[in-house]
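Peer 1: Sharing a structure below in structure tokens format, with a few things to ask.
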Amino acid sequence: MRFLLLPLLAIALPALADVRIDDLTAKRSDWETYRFPLLVGDSPAIGRINTFLHTVELQALPGRFAKSPFEKVQPKNGEIWGVNSLDYQVTGQGPGYLSLAIDGEYTGAYTSQSTRNYSFDLASGRPVGLRQLFTAEGLQRVQSEVQGLRTKRLEDFLDQLPPAKADDGKALSDDEQWLEGQRAMYTSCLGDRRDASLDYDRVQLSGDSLTLIAGSCAAHVNRALDDLGEFANRFSYQALSGDLSAYGRCVLLQRRSNCALPANSVGQGVYHGTLGRYPITLVLEQLYADHSLSASYFYDKHATRIELGGEHQQDHVTLHESGEPPARFELEFQADGALTGTWQQGDKPALPVQLAP
């Protein structure tokens, strides 16, 4: 099947955000279509946003491809595994932030669709999330409110189900089996959602509100039983004004472009520098509450993504690279946000690492 790379389509966002986006588009068939954002501009912040999005979603550096921006993730010829389609939308924008949703269909063990949300500080190009937008106390209050709303939604659904059939020794009908399957699934989910944190929620920013989105209660094998779908809770920025951090109020309520990110923004994002004498790009993709993380890096000359796992602390990051012998980064955050440390493979001498945000 011949792969067609379509022309770039320019989309101008309102001047308020002072951001322009080009569409990277391609088509393999009537249903295998791809559309992905490429922010236009030569500022360091725009470069960081493009690098972050392309690394996480396309497993590549922007502009570094042989035939198509999607060649690293699309199914290979004769195979079905990979990304079948991609699309995106701008969900929110302001002088200081940009929020996007990336929609995709993927085939692995089974075919599924998903949406990932990304928000960025336009001044620095860094990803922003709940811990930057809220105070610690405000985030705890919002989490408690969300837990209550989701618990009530599940309890209301369970309450309206017909009573469980008494055990009379007779086999359940198809309808009765369906109801009992739903009852068991949502009862289990209720226990999980009562105390669930917001660490794995998707965060969507719009012009005047923030939406927290958690996945459905159903695993793939029992998705047919799911009548509730995702759990989305929307809050106006004004209603959250007492919970937002100084940065959150600045960027969302005051809609300013010169908002200073708080100190806890150190970590997730794009870093450029050297490993020994080799220029590299490191992307700390996701930092989790349990101190685990996902990351990747590229030798700039070859632009091949190398996947990393690891752990993070307030001032230190350890990254593990698979392979034989395995390699390891030991990096420390500096006062200016830089990362310095070493990379060592097996028993070979350690090489110095210098990375700037």
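The values are calculated or read from the model by the stated rules, or taken from the named source; none is laboratory data. Keep in mind the model is a prediction, meaning the values are calculated, not measured. Glycine gets a Cβ as well: all are built from the backbone with ideal geometry, and neighbour counts include every protein chain shown. In case anyone asks, the SASA skips ligands and DNA or RNA and just uses the protein heavy atoms, side chains included. Shrake-Rupley method; radii C 1.70, N 1.55, O 1.52, S 1.80 Å.
Peer 1: State in Å² the accessible area per residue of the stretch 269-356; use a 1.4 Å probe, count heavy atoms of protein chains only, and round to the nearest integer.
Peer 2: Dividing the accessible area of the stretch 269-356 by its residue count gives 52 Å².
Peer 1: Over the stretch 21-128, with the other protein chains present, what is the accessible area per residue in square angstrom, probe 1.4 angstrom? Numbers along the way, then the final one.
Peer 2: Details: 4290 Å² over 108 residues.
Spelled out: the 1.4 Å probe surface of the stretch 21-128, per residue, equals 40 Å².
Peer 1: If you don't mind, another one. Where the Cα atoms of the stretch 21-128 are projected onto their three principal axes, how long is each span, largest first, in whole Å?
Peer 2: 44, 27, 22
Peer 1: What order do you get for 127-133, 108-114, 295-301 when each peptide is scored by the mean count of other beta carbon atoms within 10 Å, highest first? Please list the in-between numbers first.
Peer 2: Values: 127-133: 22.4, 108-114: 10.0, 295-301: 17.7.
Order by mean packing, descending: 127-133, 295-301, 108-114.
Peer 1: Which whole-number percent gives the relative contact order of the chain, counting Cα pairs below 8 Å spaced six or more residues apart?
Peer 2: Result for the chain is 12 percent.
Peer 1: Run down the aspartates and glutamates and flag those whose C-alpha is under 14 Å from the C-alpha of Lys72, throwing out any fewer than 8 positions away in its chain.
Peer 2: Leaving aside aspartates and glutamates fewer than 8 places away in the same chain, those within reach of Lys72 are Glu57, Glu307.
Peer 1: Toward the positive end of the charge dipole of the chain, about the Cα centre and with charges on Cβ (Lys, Arg +1; Asp, Glu -1), which of Leu308, Tyr88, Asn222 goes farthest?
Peer 2: Tyr88
Peer 1: From Cα pairs below 8 angstrom and at least 6 apart in sequence, can you work out the relative contact order of the stretch 181-300, rounded to a whole percent?
Peer 2: 14
Peer 1: At a 1.4 Å probe radius, carbon and sulfur cover how many percent of the accessible area of the stretch 178-260?
Peer 2: C and S atoms contribute 49 percent here.
Peer 1: Right, something else. Given (1) 4, 16, 17, 12, 6, 6, 8, 10, 10, 7, 3, 1, 0; (2) 5, 21, 28, 26, 14, 5, 2, 0; (3) 5, 21, 25, 22, 16, 9, 3, 0 as candidate values of P(r) over Cα pairs in 10 Å bins from 0, in percent, which corresponds to the one derived from the coordinates?
Peer 2: Entry (2).
Peer 1: Determine the dipole magnitude for the stretch 21-128: charges of +1 sit on the beta-carbon of Lys and Arg, -1 on that of Asp and Glu, nothing else is charged, the reference point is the Cα centre, and the result goes in debye to the nearest 20.
Peer 2: 280
Peer 1: Sort the stretch 269-356 into rounded, prolate or oblate with this rule: let a ≥ b ≥ c be the square roots of the eigenvalues of the Cα gyration tensor; rounded if a/c is under 1.5, and if a/c is not under 1.5, prolate when a/b is larger than b/c, oblate otherwise.
Peer 2: Note, shape of the stretch 269-356 comes out rounded.
Peer 1: For the chain, with only Lys/Arg (+1) and Asp/Glu (-1) charged at the beta-carbon, what is the dipole magnitude about the Cα centre, in debye rounded to 20? Could the numbers behind the result be given before it?
Peer 2: Details: 33 positive and 45 negative charges, 235 e Å.
Computed about the Cα centre, the dipole is about 1140 debye.
Peer 1: For the chain, what does the helix formula give at 222 nm: sum of -39500 (n - 2.57) over DSSP H segments with n ≥ 4, over the residue count, nearest 500 deg cm²/dmol? Could you put the intermediate results ahead of the total?
Peer 2: Details: 4 runs with 63 residues, N = 357.
Here the helix-only value at 222 nm equals -6000 deg cm²/dmol.
Peer 1: Going by a ≥ b ≥ c, the root eigenvalues of the Cα gyration tensor, does the stretch 209-357 fall in the rounded group (a/c under 1.5), the prolate group (a/b larger than b/c) or the oblate group?
Peer 2: oblate
Peer 1: Carbon and sulfur atoms: what percent of the 1.4 Å accessible area of the stretch 269-356 do they account for?
Peer 2: Heavy-atom surface of the stretch 269-356 belonging to carbon and sulfur, 1.4 Å probe: 50 percent.
Peer 1: OK, next. Express the carbon and sulfur contribution to the solvent-accessible surface of the stretch 21-128 as a percent, rounded to the nearest whole number, probe 1.4 angstrom.
Peer 2: 49
Peer 1: A further question on this structure: In terms of solvent-accessible area of protein heavy atoms at a 1.4 angstrom probe, what is the ranking of Asp103, Asp195, Asp347, Asp23, highest value first? Show your work: numbers first, answer last.
Peer 2: Details: Asp103 50, Asp195 125, Asp347 155, Asp23 5 Å².
Greatest to least solvent exposure: Asp347, Asp195, Asp103, Asp23.
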